[in-house]
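Here is the structure we will look at.
The values are calculated or read from the model by the stated rules, or taken from the named source; none is laboratory data. All values reported here derive from a predicted model rather than from experimental measurement. Heads up, the Cβs are rebuilt from the backbone with ideal geometry, glycines too, and the neighbour counts pull from every protein chain shown.
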Amino acid sequence: MHYFNYKNDKLYAEEVSVEELAETYGTPLYIYSHRTLVRHFNAYKDAFAKFPHIICFALKANPNLSILNIFRQLGGGADIVSGGELFRADKAHIPHEKIVYAGVGKTPKEIEYALKKDILMFNVESDQELEMINKIAQKLNLKARIALRVNPDVDPMTHPYISTGLKENKFGIPIESALEHYQFAATLKNIEIVGIHKHIGSQITDLSPYVNALERLLLLIEKLKENGINLKYLDIGGGLGIQYNEETPPTPAELINKILPMCNNLDITLIVEPGRSLVGNAGILVSRVLYTKKGAQEFFIVDAGMNDLMRPSLYKAYHSILPVAIKKRPLVIADIVGPICESGDFLCKKRKMPALFQGELIAVMSAGAYGASMSSNYNSRPMAAEIMVDGNKHYIVKERQTWDSLILGENVLTL
Ligand SMILES: *Cc1c(COP(=O)(O)O)cnc(C)c1O
């Protein structure tokens with residue numbers, strides 16, 4: 001569900017014409033819908049209302065400060081995976097008692113920063129990381145609150161690159177030996193055990209792996225209790241999918257209706273870490289057709305490349321791509337490609353679509369998650385501008401990068 005719709009054959013972002021936005025701000029252009037972001041956050045909030053909970057937005061999906069600020073205003077916290085993300089969460093004034101920190105490779109510097117910021121908890125992924133956090137907490141004369149990230153070994157049935165809860169994935173500690181790791185954590189003086197965490201993968205469209213993983217965690221929570229380890233937080237991770245094409249992902253309400261009854265007799269606060277499902281359908285990437293060309297294959301060459309939106313190249317991900325103005329035109333089978341000097345630079349391949357004209361605008365739908373956040377300067381292309389639409393108003397939330405900023409920090413070495 002989102003607020004990008006056609007009116008009189010022209011695509012609108014809420015009440016503003018996308019064509020007008022592209023004229024004003026240039027292309028490629030990320031457009032976010034405020035109303036959609038609020039709607040998606042409130043879907044989680046309403047669904048969880050009956051249970052103590054914290055909704056920690058997974059920053060890596062889209063760390064734009066304006067987006068963080070919207071979720072903070074609605075009561076959200078943050079799920080971070082780096083010191084840089086903590087810096088952003090801090091800049092958006094997200095309360096530190098609503099910040100959880102995951103990731104297999106936290107550096108000593110990042111751990112110290114997070115300890116000084118007094119975040120809610122570290123989601124710890126190994127014994128060595130526990131020892132490192134303990135050592136740094138001792139130096140600072142603090143106690144570090146931790147959860148162990150448990151790898152439940154379930155298949156989330158998603159793309160292998162975004163599956164994280166299988167035993168061959170690098171994430172978490174194996175569920176079979178979790179008790180021993182908790183017992184080890186309990187021996188560390190500057191560690192306070194407060195929770196348990198799982199995150200099995202992303203773009204999950206079937207709830208059964210989610211439920212299976214949770215069942216395994218609940219058994220473990222029982223076992224921990226029998227061994228004198230009582231937890232305050234159960235962090236169920238993120239991962240709910242969105243509609244890119246024909247998927248019918250479960251809603252937050254469907255997810256919560258499945259899992260709340262399982263948790264009802266627990267005296268625990270639930271943490272959920274949605275990323276994609278909050279921001280994915282709240283953003284589009286608008287691009288202009290530079291050239292069309294036809295040889296053995298028909299190509300539409302646009303001004304957005306894999307540096308702006310990496311998902312098609314990286315995961316062969318499907319994004320619906322729509323002309324910003326509907327016109328009568330023939331259907332063709334074509335590739336939409338970017339200007340980057342790589343054959344892997346495409347937005348779609350061999351897709352049946354209305355033929356595009358030189359100079360017209362297209363909208364790549366569902367680009368709000370893992371779009372701008374994965375963008376790069378490859379081919380020395382400045383990163384796209386990002387704007388927020390709210391009703392009939394629009395605001396720039398990230399300036400288009402300049403050529404000057406491309407060389408910031410670089411020196412011309414003359415030997
Ligand atoms: C990426 C990530 C998320 C968010 O995943 P989505 O699929 O975008 O909801 C949540 N938790 C952790 C630990 C993550 O790494």
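If you go through the range 64-87, how many residues are within 13 Å of V397 (Cβ to Cβ) and more than 14 Å from the ligand (Cβ to nearest atom)? Count: 6. Taken over the range 160-183, the residue count meeting the criterion of being surrounded by fewer than 15 Cβ atoms within 10 Å (Cβ to Cβ) and either farther than 23 Å from P209 by Cβ or of a type outside the set (S, T, N, Q) (or both) is 9.
Residues checked against (1) in contact with a His (Cβ under 9 Å, 6 or more places away or on another chain); (2) more than 28 Å from I31 (Cα to Cα):
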residue: A49; (1), (2): no, yes
residue: L59; (1), (2): no, no
residue: P63; (1), (2): no, no
residue: D90; (1), (2): yes, no
residue: Y101; (1), (2): no, yes
residue: V104; (1), (2): no, yes
residue: L120; (1), (2): yes, yes
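Scanning the range 276-317 for residues that are within 16 Å of the ligand (Cβ to nearest atom) and not in a helix (DSSP H, G or I) returns G283, L309, M310, A317. Residues that are touching a Gly at 6+ places or on another chain (Cβ under 6 Å) and among the small types (G, A, S) do not occur anywhere in the range 342-351. With respect to being touching a Leu at 6+ places or on another chain (Cβ under 7 Å) and among the basic types (K, R), R145 fits the description. The residues of the range 1-56 that are surrounded by fewer than 16 Cβ atoms within 10 Å (Cβ to Cβ), small (G, A, S) and more than 16 Å from V397 (Cβ to Cβ) amount to a single one, A49.
For beta carbons closer than 8 Å, sequence separation of 6+ or different chains, a first residue in the range 338-357 that is on the phi > 0 side of the Ramachandran plot and a second that is assigned to a strand (DSSP E or B), the qualifying pairs are K350/I333; K350/A334; K350/D335. Scanning the range 177-218 for residues being away from the ligand (no atom under 14 Å from the Cβ), outside any helix (DSSP H, G or I) and polar (S, T, N, Q) gives a total of 2.
Table: residues versus (1) among the basic types (K, R); (2) assigned by TED's automatic domain parsing to the domain that holds Y244; (3) touching a helix residue (DSSP H, G or I) at 6+ places or on another chain (Cβ under 8 Å).
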residue: L115; (1), (2), (3): no, yes, yes
residue: N123; (1), (2), (3): no, yes, no
residue: I146; (1), (2), (3): no, yes, yes
residue: R149; (1), (2), (3): yes, yes, no
residue: F171; (1), (2), (3): no, yes, no
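Take I221 and tell me if it is β-branched (V, I, T), within 14 Å of the ligand (Cβ to nearest atom), modelled with pLDDT of 95 or more and not in a loop (DSSP other than H, G, I, E, B). It is false that I221 is β-branched (V, I, T), within 14 Å of the ligand (Cβ to nearest atom), modelled with pLDDT of 95 or more and not in a loop (DSSP other than H, G, I, E, B).
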